[in-house]
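As structure tokens, the structure follows; a few thoughts come after it.
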Amino acid sequence: MLRIERFVLREIRLPLKEPFQISSGVVRERRVFLVELHHPDGEVGWGECAAFDTPNYSEETVDTAWYAVREWIAPRLLGRELSGPREVAPLLEVGFCGHRMAKGMVEMGCWELAARLEGVSLARLLGGTRTRVAVGISLGIQASPEALVERAAAAHAAGYRKIKIKIKPGADIEYIRAVREALGPSAELMADANSAYTLADADHLARLDEFDLMMIEQPLGQDDLVRHAQLQRRLKTPICLDEAITSLDRAEDMVTLGSGRIVNIKPGRVGGFTNSIAIHDYCQSQGIPVWCGGMLESGIGRAHNVALASLPNFTLPGDLSPSSRYWEQDIVIPEWTMAPDGMVDVPLDSPGIGVKIDLDRIEDLTVKLEVVER
Ligand code: OSB
Ligand code: MG
């Protein structure tokens with residue numbers, strides 16, 4: 001039985017080793033919103049919020065998620081007897097719109113708690129089968145094509161299986177061309193625009209076709225499926241949707257309309273694991289490959305992403321870089337690492353998330369804490 005008697009909400013701050021820039025903003029220090037879900041037997045499940053400090057990637061922020069968890073999500077779940085984690089997402093949907101990242105962090109924490117209570121790995125509980133998952137790197141927008149090439153070459157040499165390059169108008173064609181020329185035709189490259197273009201840029205974006213990219217991620221509006229379908233008809237390069245896929249319905253719409261051919265699943269963006277699995281299964285039935293995106297997570301969110309990415313239709317490398325790519329020191333032991341062949345091990349056979357949570361370090365880093373109980 002799944003039962004939560006106490007929610008502990010925490011905010012910690014983790015400075016990134018270097019600023020991460022996307023088309024709509026820059027992150028220097030990650031404000032990480034963590035939640036502890038306490039079971040009456042003393043077991044604890046952890047959740048990490050995908051939201052950032054500002055509403056540039058999606059409408060949610062760390063502060064709106066904190067409010068939603070405290071005011072609406074915790075009260076719905078506290079003291080309730082649940083038969084398992086699959087009950088959580090439907091419970092958080094009735095008469096409760098949006099706030100998917102807030103719902104998702106709690107829902108994922110419930111899955112983790114269930115895994116700990118059952119003594120199985122989170123990966124297995126989710127239906128994971130892979131023992132290792134291919135890792136891609138996401139490179140933020142750089143000051144020049146030369147600076148980008150330097151980072152891309154280092155990532156390639158480190159073994160990353162996919163190199164994703166953030167683009168925006170003014171930092172696109174020449175940047176991608178430079179990396180393609182430097183790394184050669186066999187390097188697995190892709191671009192991510194985070195909604196920086198409009199359909200009026202279709203001819204410009206079609207110039208990317210010559211670089212043989214694996215995909216271009218979310219070129220148009222955050223919730224726009226119709227224009228992505230119009231754009232896809234004009235591009236050879238497959239479109240991958242990120243921001244626009246907020247639910248199973250949106251994935252179905254993508255297929256119906258032809259808005260894209262690949263899906264980036266971020267469990268936070270879709271309200272947690274149950275919805276992620278539904279999207280994964282649907283995409284598998286439609287022959288659409290998926291991969292696991294990242295939101296500059298700490299070692300806890302990363303554990304959740306790695307477990308999800310062990311499901312069978314996660315056939316493309318995920319944004320699952322090792323801890324040392326982001327932080328001087330992570331909040332889990334051991335930290336997440338990548339093997340020289342660009343793979344991360346899935347802790348398929350250790351109970352729970354497979355890494356230890358460094359509570360002392362989390363205590364030291366905590367800048368805000370709130371306990372919610374009945
Ligand atoms: O679109 O995937 C994105 C980071 C911030 C905002 C949006 C995105 C990203 C990433 C980071 O690409 C990937 C990672 O966590 O390594
Ligand atoms: Mg993206």
Set LYS162/LYS356; LYS103/LYS236; LYS103/LYS356, cut-off 31 Å on Cα-Cα distance; pairs above it are LYS103/LYS236
Computed over the chain: longest principal axis from alpha-carbon atoms vs helix 299-308 long axis, angle to nearest 10 degrees, is 80 degrees
Whole-Hz Karplus couplings 3J(HN,Hα) for the range 330-340, θ = phi - 60° and coefficients 6.51, -1.76, 1.60, Gly and Pro as x, run 7, 10, 10, 10, x, 5, 6, 10, 10, 6, x
In deg cm²/dmol, rounded to the nearest 500, the helical mean residue ellipticity at 222 nm of the chain, built from -39500 (n - 2.57) for every DSSP H run of length 4 or more, is -9000 deg cm²/dmol
In whole percents, the bins of 10 Å from zero upward hold the Cα-Cα pairs of the range 125-345 as 8, 35, 37, 18, 1
Nearest 10, in degrees from 0 to 90: the angle of helix 100-118 to the longest Cα principal axis of the chain is 60 degrees
Whole-percent carbon and sulfur contribution to the accessible surface of the chain (1.4 Å, no ligands, DNA or RNA) stands at 49 percent
For ILE4, other-chain or 5+-apart residues with amide H closer than 5 Å (H placed, Pro excluded) are GLY79, ARG80
Stretched fully, the stretch from GLN284 through GLU363 gains (0.36 nm per residue minus C-alpha distance, one decimal, in nm) 24.3 nm
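Expressed in nm to one decimal, what extension gain is obtained for the pair ASP209 and LEU91 from 0.36 nm per residue of sequence separation less their Cα-Cα distance? Write out the running numbers ahead of the final one.
Working: separation 118, 0.36 × 118 = 42.48 nm, distance 4.41 nm.
In short, 38.1 nm is gained.
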Interchain or sequence-distant (5+) residues whose placed amide H lies within less than 5 Å of the amide H of PHE52 are VAL62
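Using a Förster radius of 35 Å, what is the FRET efficiency between THR131 and ALA200 based on their Cβ-Cβ separation? Nearest 0.05, please. List each step's numbers first, then the result.
Numbers: r = 46 Å, r/R0 = 1.32.
After rounding to 0.05, the efficiency reads 0.15.
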Ordered by number, the GluC sites (Glu not before Pro) in the range 72-176 that occupy a DSSP loop and have at most 16 other Cβ atoms within 10 Å are GLU81, GLU93
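Hey, what's the chain come to in accessible area per residue, 1.4 Å probe, Å²? Don't skip to the end; give the middle numbers.
Numbers: 14290 Å² over 374 residues.
For the chain, the per-residue accessible area is 38 Å².
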Computed from every Cα-Cα pair in the range 185-305, P(r) in 10 Å bins starting at 0 and rounded to whole percents is 14, 45, 32, 8, 0
Residue by residue through the range 28-33, the couplings from Karplus 6.51 cos²θ - 1.76 cosθ + 1.60 with θ = phi - 60°, in Hz, x for Gly and Pro, are 9, 10, 7, 7, 10, 9
The distance between the Cα centres of the range 298-374 and the range 91-134, in whole Å, is 14 Å
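Would you please report the Å³ per residue occupied by the convex hull of the alpha carbon atoms in the chain?
Numbers: hull volume 45.5 nm³, N = 374.
That works out to 122 Å³ per residue.
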Given backbone amide H placed at 1.01 Å from N, residues whose amide H is under 5 Å from that of GLU188, ignoring those fewer than 5 places away on the same chain, are ILE163
Helix 145-158: inclination vs the chain longest Cα principal axis, degrees, rounded to 10, gives 60 degrees
In whole Hz, the Karplus estimates of ³J(HN,Hα) for the range 249-259 (6.51, -1.76, 1.60; θ = phi - 60°; x where Gly or Pro) are 4, 5, 5, 5, 4, 4, 5, 4, 8, x, 7
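The values are calculated or read from the model by the stated rules, or taken from the named source; none is laboratory data. Because the structure is predicted, anything quoted here is derived from the model rather than measured. In this analysis, Cβ positions are derived from the backbone assuming ideal geometry, glycine residues included, and neighbour counts consider all displayed protein chains. Accessible surface areas use protein heavy atoms only, side chains included; no ligands, DNA or RNA. Shrake-Rupley method; radii C 1.70, N 1.55, O 1.52, S 1.80 Å.
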